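> One structure follows; several queries about it will come next.
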Amino acid sequence: AVIGAGIGGSAVAHFLQQHFGPRVQIDVYEKGTVGGRLATISVNKQHYESGAASFHSLSLHMQDFVKLLGLRHRREVVGRSAIFGGEHFVLEETDCWWHYGISFLRLQMWVEEVMEKFMRIYKYQAHGYAFSGVEELLYSLGESAFVNMTQRSVAESLLQVGVTQRFIDDVVSAVLRASYGQSAAMPAFAGAMSLAGAQGSLWSVEGGNKLVCSGLLKLTKANVIHATVTSVTLHSTEGKALYQVGYENEVGNGSDFYDIVVIATPLHRDNSSSNFTFEGFTPPIDDVQGSFQPTVVSLVHGYLNSSYFGFPDPKLFPFANILTTDFPNFFCTLDNICPVNISANFRRKQPQEAAVWRVQSPKPLLRTQLKTLFRSYYSVQTAEWQAHPLYGSRTTIPRFALHDQLFYLNALEWAASSVEVMAVAAKNVALLAYNRWYQDLDKIDQKDLMHKVKTEL
């Protein structure tokens, strides 16, 4: 059983089938729509991304899924970016970064070093290695330095490598607000992954990113059950764990028995959607304490109020993407977005025309706030997400293995949160389930993997 049909759930169904073979039977429980935090909203008969909008060029699992499913990369219609500081723009994309001195270079080197080590995970996974806890996984990639990066802040880590406070306030905090809705006080590891996304080339899927999820489930011929899971109960038969998954849907209540259960939805206090109970486990399975950062995505079809940004003539407004610094601001980002299907003759709307803008904010926008950003508008549609863990709201990182064959895929979100990170967690959990099932303990929680993998090669 896989609980949740977002990218984590659909990817783990695919990887489980890849390892266990075509005869494995997979039930995927989803109470909402397939895709989870990958979703679209329709405006004027066109569809736009309302969840995760793009992926980094180094997202190797996502690249593989797109190839495997015969999907295509969406054509990018480039637009200029800028960072708004409340009174004026603190940085425009065409600016040379020279007025921050060497900070930009130091940031880049710091991020590249983290990414280079993180990329080792693909090699380990190709050799079949898995980890039962997030800390073990991080340690295998970057030793105690990576584990420590989950405990100390982005700001602290960057100051240590010689990045200036001004650069952190103006640029780094704007990128973190755009991706996590959080500040440079968040942990360095999650921050580095987010800053990597700001530097690489980004891409998205033609027709909508959620097509990856529905495509993977179709490919694995997984049985999708539209129901809310209410409980996971442990039973034992002949020394092997057996799990009973209880659920409810419009027909009523039901349950089924499974050898392996993967929870691919966040387990946290304020997520009413995953309020299911664990029964029959000794010691009991703890609730994963910690909160999530709410993010509201508003798709506004209207005319931008460019004078709020210091451009009284809307024709002269040059930016398609606006990030914001930590000044008391009601929104994190504002983007002039393109639909998920882009025709060959598509052009981005001019700033004086009505366009579809995507506004990300911590709370739903008030009418006065909409009036601040837009001269007038035809429609506003919103999606509210429990988007990412609120870093710092829990002291330890949860584990993948909750019990013998019961796994928590979203544990890795507590180290860093992105679509590709969920795909990495999915591959890890599938390998962990497979290695445990066949008692291949040499492939679990191995130390000094860099050396082992080199000798295997």
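Only the coordinates and a few stated rules stand behind these numbers; no lab work does. If you're wondering where the values come from, they're calculated on a predicted model, not measured in any experiment. Counting neighbours? That spans all protein chains shown, and the Cβs are built from the backbone with ideal geometry, glycine included.
> Search the structure for amide H atoms under 5 Å from the amide H of Leu402, placed 1.01 Å from N in the peptide plane, and list their residues when 5 or more places away or on another chain.
Under 5 Å from the amide H of Leu402: Phe407, Tyr408.
> Looking at region 186-238, which trypsin sites (Lys or Arg not before Pro) are in a loop (DSSP not H, G, I, E or B) and have at most 15 other Cβ atoms within 10 Å?
Here the trypsin sites (Lys or Arg not before Pro) that fit, given the DSSP loop and packing criteria, are Lys221.
> I would also like to ask the following. Strictly over 32 Å apart at the Cα level, which of Lys31/Lys123; Lys240/Lys427; Lys349/Lys371; Lys218/Lys349; Lys45/Lys218 would you flag in this model? Could the numbers behind the result be given before it?
Values: Lys31/Lys123 35 Å; Lys240/Lys427 24 Å; Lys349/Lys371 20 Å; Lys218/Lys349 36 Å; Lys45/Lys218 26 Å.
Pairs exceeding the cut-off: Lys31/Lys123; Lys218/Lys349.
> Along the three principal axes, how long is region 306-457 when you take its alpha carbons, biggest first, rounded to the nearest angstrom?
Sorted from largest, the Cα extents of region 306-457 read 67, 40, 27 Å.
> Decide, for region 59-134, between rounded, prolate and oblate: order the square roots of the alpha carbon gyration tensor eigenvalues as a ≥ b ≥ c, take rounded if a/c falls under 1.5, and otherwise choose prolate if a/b is larger than b/c, else oblate.
Taking the square roots of the gyration eigenvalues as a ≥ b ≥ c, region 59-134 is oblate.
> Follow-up. Sequence-distant or interchain residues sharing an amide H contact under 5 Å with Leu242, placed H: which?
Under 5 Å from the amide H of Leu242: His235, Ser236, Thr237.
> To the nearest µm²/s, what D does Stokes-Einstein give for the chain at 20 °C and 1.002 mPa s, using the Kirkwood radius over alpha carbon pairs as Rh? Display every interim value, and only then the final one.
Working: Rh = 23.2 Å.
Answer from the Stokes-Einstein relation: 93 µm²/s.
> On to the next question. Checking the a/c ratio against 1.5 first, then a/b against b/c, what shape does the Cα gyration tensor give for region 147-305? Present the calculation step by step, with values, prior to reporting the outcome.
Details: a/c = 2.46, a/b = 1.66, b/c = 1.48.
In terms of gyration-tensor shape, prolate.
> Can I ask one more? Let's see if you can work this out: charge +1 on each Lys and Arg Cβ, -1 on each Asp and Glu Cβ, no other charges. What is the dipole magnitude of the chain about its Cα centre, in debye to the nearest 20?
1200
> Between Leu217, Ala433, Pro351, whose Cα lies farthest towards the positive end of the dipole of the chain when Lys and Arg beta carbons carry +1 and Asp and Glu beta carbons carry -1, centred on the Cα centre?
Pro351
> Still on this structure, I have one more. From the helices alone, meaning DSSP H stretches of at least four residues, give me the mean residue ellipticity at 222 nm for the chain, per-run term -39500 (n - 2.57), in deg cm²/dmol to the nearest 500.
-8500 deg cm²/dmol
> With an 8 Å Cα cut-off and a minimum separation of 6 or more residues, compute the relative contact order for region 350-445 in percent.
Computed over region 350-445, the figure is 17 percent.
> Further question on the same structure: Any idea what % of Cα-Cα pairs in region 214-330 are farther than 25 Å?
53
> Which of the trypsin sites (Lys or Arg not before Pro) across region 340-392 are loop residues per DSSP, with 11 or fewer other Cβ within 10 Å?
Values: sites: Arg347, Arg348, Lys349, Arg358, Arg367, Lys371, Arg375; in loops: Arg347, Arg348, Lys349.
Sites meeting the loop and neighbour criteria: Arg347.
> Then there's this: Over what distance in Å are the Cα centres of region 182-205 and region 233-256 separated?
The distance from the Cα centre of region 182-205 to that of region 233-256 comes to 39 Å.
> Further, regarding this structure: Restricting to DSSP loop positions (anything but H, G, I, E, B) with no more than 13 other Cβ atoms inside 10 Å of their own Cβ, which trypsin sites (Lys or Arg not before Pro) remain in region 390-457? Each step should come with its number before you reach the end.
Values: sites: Arg394, Arg399, Lys427, Arg436, Lys443, Lys447, Lys452, Lys454; in loops: Arg394, Lys447.
In loop regions of region 390-457 (DSSP not H, G, I, E or B), the sparsely surrounded trypsin sites (Lys or Arg not before Pro) are Lys447.
> Here's another thing I want to ask about it. Explain nothing, just the number: relative contact order of the chain, from Cα pairs under 8 Å at least 6 residues apart, as a whole percent.
Relative contact order, the chain: 26 percent.
> What residues qualify as long-range amide H neighbours of Glu279, i.e. H under 5 Å apart, gap of 5 or more or another chain, H built at 1.01 Å from N?
For Glu279, the qualifying residues are Val232, Thr233, Leu234.
> Can I ask one more? If you average the C-alpha positions of region 1-64 and of region 280-355 separately, how far apart do those two centres end up, in angstrom?
Going from one Cα centre to the other spans 22 Å.
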